[in-house]
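Participant: Attaching a single structure in structure tokens format; questions to follow.
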Amino acid sequence: MNIVPMFTTIASALAVYISTSIDDLFILMLFFSHVDDKRGYRSILAAQYLGVTTLVCISLIAAFFLQLVPQTWIIGFLGLVPIALAFRSIWESRHKEQVKEHADVKHSSVLFWNVTLVTISAGGDNIGIYIPYFATFQRGELSLILIVFAFMISLFCYLGYRFSHISFMDSLRKKYAHIITPTVFFCLGFFILHENGTFEKLLNL
């Protein structure tokens, strides 16, 4: 791969990842603000990698077998995941003592799967961008793109962690976490359902 095409590929990969994942920063901030140990941090990082990897794998498969691309209104049902997590967050805020009894390992496991599911559901619409993007590149270029994506996942997690520990954000989280968390998840879920035309499809059945 020549130098100029290589840099062009890297630049395009950076542009695609940032444009499709910028909303992940706020979500990552939200999750990082709820943990204060290394196990929790590792769970979030691993979950983010698993979630993005799942989206990328689906897109790569669909790019080569376009008939496997699901209709967008079906992808919209992924919006039910953050909505379910919003209800869970409300329940946990009203049963704090019970939640505290189930900490450490179990908490990390739940956190891992929560972050993974939210990453996949929030990035469901990214598939529509990734598929035609991946389809335009050869195998060697795709390898470079995947390396860029892997780097950006770590960078976004680091930024999410740093932003979540800014004193202003931290004090805001402590005061209003019981309101902010479910509100963000509700809005995210309904946005995914609306953006993919799921509401309209169901109304027209």
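The values are calculated or read from the model by the stated rules, or taken from the named source; none is laboratory data. The structure displayed is predicted, hence computed values, not measured ones. Every residue, glycine as well, gets a Cβ built from its backbone with ideal geometry; the counts of neighbours run over all protein chains shown.
Participant: Search segment 31-56 for residues that are more than 16 Å from Tyr17 (Cβ to Cβ) and pair each with any residue that is modelled with pLDDT under 90 and in a loop (DSSP other than H, G, I, E, B) when their beta-carbon atoms are under 9 Å apart and the residues are at least 6 apart or on different chains.
Facilitator: Short answer, once both residue conditions are applied: Phe32/His165; Ser33/His165; Gly40/His34; Tyr41/Val35; Ser43/Val35; Ile44/Val35.
Participant: I've got another one for you. Among the residues of segment 131-148, which ones are under 21 Å from Ile3 (Cβ atoms) and of a type outside the set (Asp, Glu)?
Facilitator: Thr136, Phe137, Gln138, Arg139, Gly140, Leu142, Ser143, Leu144, Ile145, Leu146, Ile147, Val148 - these are the residues of segment 131-148 that are under 21 Å from Ile3 (Cβ atoms) and of a type outside the set (Asp, Glu).
Participant: Follow-up. Does Phe65 satisfy being modelled with pLDDT under 90 and surrounded by fewer than 16 Cβ atoms within 10 Å (Cβ to Cβ)?
Facilitator: yes
Participant: Also, I was wondering about something else. From the set of residues in segment 13-29 that are surrounded by 18 or more Cβ atoms within 10 Å (Cβ to Cβ) and of a type outside the set (Val, Ile, Thr), which is farthest from Val115 (Cα to Cα)?
Facilitator: Ala13
Participant: I'm checking my understanding of the structure. Among residues of segment 30-40 that are in a helix (DSSP H, G or I) and in contact with a helix residue (DSSP H, G or I) (Cβ under 7 Å, 6 or more places away or on another chain), which one is farthest from Val118 (Cα to Cα)?
Facilitator: Checked segment 30-40; the qualifying residue farthest from Val118 (Cα to Cα) is Arg39.
Participant: Suppose we keep only residues that are under 15 Å from Ile153 (Cα atoms) and touching a residue at least 40 places away in the same chain (Cβ under 8 Å) within segment 1-18. Which one would you say is farthest from the chain's Cα centre (by Cα)?
Facilitator: Ile10
Participant: Quick check: is even one residue across segment 54-61 of a type in the set (S, T, N, Q) and at pLDDT 75 or above?
Facilitator: yes
Participant: If I filter segment 138-163 down to residues being under 16 Å from the mean Cα position of the chain (by Cα) and hydroxyl-bearing (Ser, Thr, Tyr), which single residue comes out as surrounded by the most Cβ atoms within 10 Å (Cβ to Cβ)?
Facilitator: Ranking the qualifying residues of segment 138-163, first place goes to Tyr161.
Participant: Name the single residue that is surrounded by the most Cβ atoms within 10 Å (Cβ to Cβ) among those in segment 119-137 being of a type in the set (A, V, I, L, M, F, W, C) and part of a helix (DSSP H, G or I).
Facilitator: Across segment 119-137, the extreme among qualifying residues is Ala122.
One line per residue, one yes/no per condition, for (1) at pLDDT 75 or above; (2) within 21 Å of Val35 (Cα to Cα); (3) touching a helix residue (DSSP H, G or I) at 6+ places or on another chain (Cβ under 8 Å):
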| position | (1), (2), (3) |
| --- | --- |
| Val69 | no, no, yes |
| Trp73 | no, no, yes |
| Gly76 | no, no, yes |
| Arg94 | no, yes, no |
| Glu97 | no, yes, no |
| Leu111 | yes, yes, yes |
| Phe134 | yes, no, yes |
| Phe137 | yes, no, yes |
